[in-house]
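Here the structure is laid out as structure tokens; the discussion comes afterwards.
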Amino acid sequence: DTAVSQTPKYLVTQMGNDKSIKCEQNLGHDTMYWYKQDSKKFLKIMFSYNNKELIINETVPNRFSPKSPDKAHLNLHINSLELGDSAVYFCASSQGLAGGLGQYFGPGTRLTVT
Amino acid sequence: AQSVAQPEDQVNVAEGNPLTVKCTYSVSGNPYLFWYVQYPNRGLQFLLKYITGDNLVKGSYGFEAEFNKSQTSFHLKKPSALVSDSALYFCAVREGTGGGNKLTFGTGTQLKVEL
């Protein structure tokens, strides 16, 4: 069974469109994250939710809006897509805010904006 | 602010030889330190962590890392490299208290193990 899953795995879309990426974890964790990995493999956190509450909100354009309907899901909606949004987006989860057990990552969603 | 430096973009090693992937960090307070590995077109996999206790921590796939507080380093090591270890390795740090479990990742080191 996949611990952290993301859909879709690949997403190709045109500039100006709105798209969503979904993430689900079956580990029973209470904290979930979205990361962006650029073409140089640099990995940066975007958002984090703990028990459906937003706790980390990095400097991200407000075109990006996370939504956590429950502890097992964290979706990412992107409005008015731009070329610079092309990247791989990773979802992750962990138990608690202490982070002592590390974070578990999904397989990633490769977003290509044309 | 917390930060991580991985000074080598790529490390090449022959199979069977020991390998070291370097990482230095900067945090205020006590650090939580992690190593992750990323295989091509895959997500990151957790390898090992240092929270407290013994400075030498052992992780998955025969990897280990040594926490050195005076040098603010957390280098990843393996006594005998395998071709299958070839991947992208990330060091990450967070402050031990507060911070909402915000991990800061290094820029990654590509490990290439050759026959």
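The values are calculated or read from the model by the stated rules, or taken from the named source; none is laboratory data. Only a predicted model underlies this, so the values are computations on that prediction, with no experimental measurement involved. Every residue, glycine as well, gets a Cβ built from its backbone with ideal geometry; the counts of neighbours run over all protein chains shown. Calculation scope for accessible area: heavy atoms of the full protein, side chains included, ligands and nucleic acids excluded. Shrake-Rupley method; radii C 1.70, N 1.55, O 1.52, S 1.80 Å.
Among the residues of region A:1-24, those that are more than 12 Å from the chain's Cα centre (by Cα) and over 13 Å from A:Val88 (Cα atoms) comprise A:Asp1, A:Thr2, A:Ala3, A:Thr13, A:Gln14, A:Met15, A:Gly16, A:Asn17, A:Asp18, A:Lys19. Kindly indicate whether A:Lys67 is out of contact with any Asp or Glu (no Cβ under 7 Å at 6 or more places or on another chain) and either facing chain B (nearest Cβ under 9 Å) or hydrophobic (A, V, I, L, M, F, W, C) (or both). Taking the combined requirement at face value, the residue does not satisfy it.
Is one or more of the residues making up region B:89-98 without any contact (Cβ under 8 Å) to a residue 40 or more places away in the chain, within 24 Å of A:Trp34 (Cβ to Cβ) and of a type outside the set (Ser, Thr, Tyr)? Looking through region B:89-98, at least one residue is without any contact (Cβ under 8 Å) to a residue 40 or more places away in the chain, within 24 Å of A:Trp34 (Cβ to Cβ) and of a type outside the set (Ser, Thr, Tyr). Just one of the numbered conditions (1) open to solvent by 10 Å² or more (accessible area, probe 1.4 Å); (2) away from every other protein chain (no Cβ under 14 Å) is not true of A:Arg110: (2).
Entry remark, region B:16-53: residues being at pLDDT below 90 and surrounded by fewer than 19 Cβ atoms within 10 Å (Cβ to Cβ) number 9 in total. So which residues in region B:74-88 are out of contact with any Leu (no Cβ under 9 Å at 6 or more places or on another chain) and either within 14 Å of chain A (Cβ to nearest Cβ) or under 24 Å from A:Gln37 (Cα atoms) (or both)? Hits for region B:74-88 are B:His75, B:Ser84. Restricting attention to region A:14-36, does a residue exist that is more than 9 Å from every other protein chain (Cβ to nearest Cβ), among the β-branched types (Val, Ile, Thr) and under 18 Å from B:Asn41 (Cβ atoms)? The answer is yes, given that some residue of region A:14-36 is more than 9 Å from every other protein chain (Cβ to nearest Cβ), among the β-branched types (Val, Ile, Thr) and under 18 Å from B:Asn41 (Cβ atoms). Only one of the numbered conditions (1) in a loop (DSSP other than H, G, I, E, B); (2) within 18 Å of B:Ser3 (Cα to Cα) is violated by B:Leu33, and that is (1).
Criterion applied to A:Asp38, A:Asp85 was being touching a Ser or Thr at 6+ places or on another chain (Cβ under 9 Å), modelled with pLDDT of 90 or more and among the acidic types (Asp, Glu), and the one residue passing it is A:Asp38. Being more than 19 Å from B:Phe105 (Cβ to Cβ), surrounded by fewer than 19 Cβ atoms within 10 Å (Cβ to Cβ) and in contact (Cβ under 8 Å) with a residue 12 or more places away in the chain is a condition met by no residue of region A:37-50.
Apart from one condition, B:Glu66 fits all of (1) touching a His at 6+ places or on another chain (Cβ under 8 Å); (2) surrounded by fewer than 19 Cβ atoms within 10 Å (Cβ to Cβ); (3) within 14 Å of chain A (Cβ to nearest Cβ); the exception is (3).
Taking the criterion of being charged (D, E, K, R) and either assigned to a strand (DSSP E or B) or at pLDDT 95 or above (or both), the residues of region B:74-115 that qualify are B:Lys77, B:Lys78, B:Asp85, B:Arg94, B:Glu95, B:Lys112, B:Glu114.
In this structure, is A:Ser80 under 15 Å from the mean Cα position of the chain (by Cα) and either surrounded by 15 or more Cβ atoms within 10 Å (Cβ to Cβ) or away from chain B (no Cβ under 14 Å) (or both)? When the stated conditions are applied, A:Ser80 does not pass them.
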